[in-house]
1. Is it the case that some residue within the stretch 123-140 is buried (at least 16 other Cβ atoms within 10 Å of the Cβ) and among the β-branched types (Val, Ile, Thr)?
2. For residues in the stretch 182-192 being in a loop (DSSP other than H, G, I, E, B) and either in contact (Cβ under 8 Å) with a residue 24 or more places away in the chain or in contact with a strand residue (DSSP E or B) (Cβ under 8 Å, 6 or more places away or on another chain) (or both), which is surrounded by the most Cβ atoms within 10 Å (Cβ to Cβ)?
3. Check Thr181, Thr167, Thr145, Thr149 and return the single one that is within 19 Å of Gly83 (Cβ to Cβ), of a type in the set (Val, Ile, Thr) and at pLDDT 90 or above.
4. Counting residues that are at pLDDT below 85, which strands (runs of 3 or more DSSP E) fully inside the stretch 314-378 reach at least 3?
5. If you take the residues in the stretch 230-259 that are more than 20 Å from Gln56 (Cβ to Cβ) and of a type in the set (Asp, Glu), which one is surrounded by the fewest Cβ atoms within 10 Å (Cβ to Cβ)?
6. Of all residues in the stretch 85-134, which are more than 51 Å from the chain's Cα centre (by Cα) and not in a helix (DSSP H, G or I)?
7. Somewhere in the stretch 198-214, is a residue out of contact with any strand residue (DSSP E or B) (no Cβ under 9 Å at 6 or more places or on another chain) and either in a helix (DSSP H, G or I) or at pLDDT 95 or above (or both)?
Amino acid sequence: MRRPAAPIAALLSLALLSAPALAQFGPQGPPAVGTMAAERKPVTESTDFVGRIEAQYRVDLRSRITGFLQERLFAEGQEVKAGDVLFRIERPPFEAQLEQARAQLASAQATAVNARVSLQRAQELRSTGAGTQAALDTALAQDRTSAATVLGAQAQVRIAEINLAYTNIVAPVDGKIGRATYAIGNVVTPTSDPLATIVSQEPMRVSFTVSQRAALELRNRYESRGGVSAVVVRIRLTDGRAYPHPGRIEFIDTQVDRNMDTLLVRALIPNPIRTEARAGSAGDRELVDGQYVTVSVEGAEQVQAIVIPRAAVLQDQGGTFVFVVGEGNKAERRNVALGRSTAGEAVIERGLNGGETVITEGLQRVTPGQPVNPAPAGAPPAGRPAAAGRPG
């Protein structure tokens with residue numbers, strides 16, 4: 001009577017083991033995916049480049065005469081105005097040269113007066129027949145020679161005045177002056193190194209190169225909206241901060257660099273004194289000649305464009321694409337062309353018309369033509385409660 005119990009127990013054990021297997025490998029429904037509508041909204045078109053800040057004017061101060069440096073009338077690193085006296089060269093030798101030139105001019109003028117009197121006397125004698133033609137010719141030549149000597153003496157006076165004025169070395173432009181090359185007491189000449197350099201501060205330029213392809217894209221994008229006037233230039237500093245003052249393009253080179261296939265573009269950027277800085281102090285302006293920045297060329301007005309999450313955009317050997325929910329809740333591949341994109345959003349220039357339902361979540365479970373179970377992105381799948389946290 002105990003033998004039949006063994007086969008029955010074996011059958012019960014087999015049934016218990018088979019139940020989980022059937023549950024585990026049974027048929028599953030379409031994968032749940034998160035979706036959102038591809039809608040048009042206003043965006044600012046922009047393209048980034050690497051640029052360098054440049055001063056509008058960079059002037060090397062040089063001595064135009066030979067002399068001893070007597071004074072330095074500025075602090076290194078301060079801002080100066082056009083016309084400010086910055087260096088003064090020893091004046092007495094040039095003052096003496098001016099007095100000497102004036103004395104020579106007075107002597108030449110006296111000789112000229114005497115020559116004019118002699119000419120008038122010779123003309124009178126010749127008219128009465130008492131004088132000779134040779135005497136008249138000599139008097140005329142002496143008068144003209146003395147007049148030329150006066151002109152030469154006047155030129156020497158003018159040269160002496162100019163050299164005396166050159167003893168004051170003035171700022172030709174507004175800007176910030178760098179370090180002085182020579183100390184007081186050194187002899188400087190026109191061939192000496194620059195005494196100092198002035199770099200203009202307001203406004204600054206930002207120069208950047210654009211590939212020929214990018215230049216054509218920018219031209220085509222903004223040509224119908226006013227060209228350069230429809231573009232705003234913004235920059236980001238090396239620490240990632242956005243510079244608050246926008247600029248405008250002032251120059252586009254007329255020739256493409258044959259070696260790099262690029263085009264030079266320059267824009268003017270305001271560089272005001274920072275409100276928290278004291279005027280004339282070090283670092284009182286944000287932009288410095290020579291620094292690197294990131295340049296963004298933006299449209300002056302926003303345009304309507306299709307924007308979707310950047311995570312919805314995929315890429316393979318066939319190009320860039322997205323999945324949309326088509327008829328019968330089936331996933332459809334749409335090849336797209338991207339515009340200006342960020343880490344969070346992508347602008348679709350071609351491939352979507354607006355209104356499509358784009359799959360943004362669960363893309364790893366989607367293949368073209370496969371049915372899906374769509375739900376708004378971020379919402380829990382149908383029939384499944386939202387997660388309430390991991391149990392402890």
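1. No; the residues of the stretch 123-140 include none that is buried (at least 16 other Cβ atoms within 10 Å of the Cβ) and among the β-branched types (Val, Ile, Thr).
2. Step one: of the stretch 182-192, the residues in a loop (DSSP other than H, G, I, E, B) are 182-186, 189-192.
Now narrow it down to the ones that are either in contact (Cβ under 8 Å) with a residue 24 or more places away in the chain or in contact with a strand residue (DSSP E or B) (Cβ under 8 Å, 6 or more places away or on another chain) (or both): 182-186, 189-190, 192.
Numbers: Tyr182: 17, Ala183: 8, Ile184: 12, Gly185: 9, Asn186: 11, Thr189: 11, Pro190: 10, Ser192: 14.
If we take residues in the stretch 182-192 being in a loop (DSSP other than H, G, I, E, B) and either in contact (Cβ under 8 Å) with a residue 24 or more places away in the chain or in contact with a strand residue (DSSP E or B) (Cβ under 8 Å, 6 or more places away or on another chain) (or both), then Tyr182 is surrounded by the most Cβ atoms within 10 Å (Cβ to Cβ).
3. Working: Thr181 fails: within 19 Å of Gly83 (Cβ to Cβ); Thr145 fails: within 19 Å of Gly83 (Cβ to Cβ); Thr149 fails: within 19 Å of Gly83 (Cβ to Cβ).
Result of the check over Thr181, Thr167, Thr145, Thr149: Thr167.
4. Values: elements: 314-316, 319-325, 331-335, 345-350, 357-361, 373-376.
Those strands (runs of 3 or more DSSP E) span 345-350.
5. Within the stretch 230-259, the match that is surrounded by the fewest Cβ atoms within 10 Å (Cβ to Cβ) is Asp239.
6. Restricting attention to the stretch 85-134, the residues satisfying the condition of being more than 51 Å from the chain's Cα centre (by Cα) are 99-134.
The answer is Gly129, Ala130, Gly131, Thr132.
7. Yes, that holds for at least one residue.
Quick grid of which residues meet (1) modelled with pLDDT of 70 or more; (2) out of contact with any Leu (no Cβ under 8 Å at 6 or more places or on another chain); (3) closer than 30 Å to Gln304 by Cβ:
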residue	(1), (2), (3)
Val43	yes, yes, yes
Phe49	yes, yes, yes
Ala55	yes, yes, no
Leu61	yes, no, no
Ile65	yes, yes, no
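The values are calculated or read from the model by the stated rules, or taken from the named source; none is laboratory data. Since the model is a prediction, treat every value here as computed from it, not as a measurement. Positions of Cβ are generated from backbone atoms using ideal geometry, with glycine treated the same way; all protein chains shown enter the neighbour counts.
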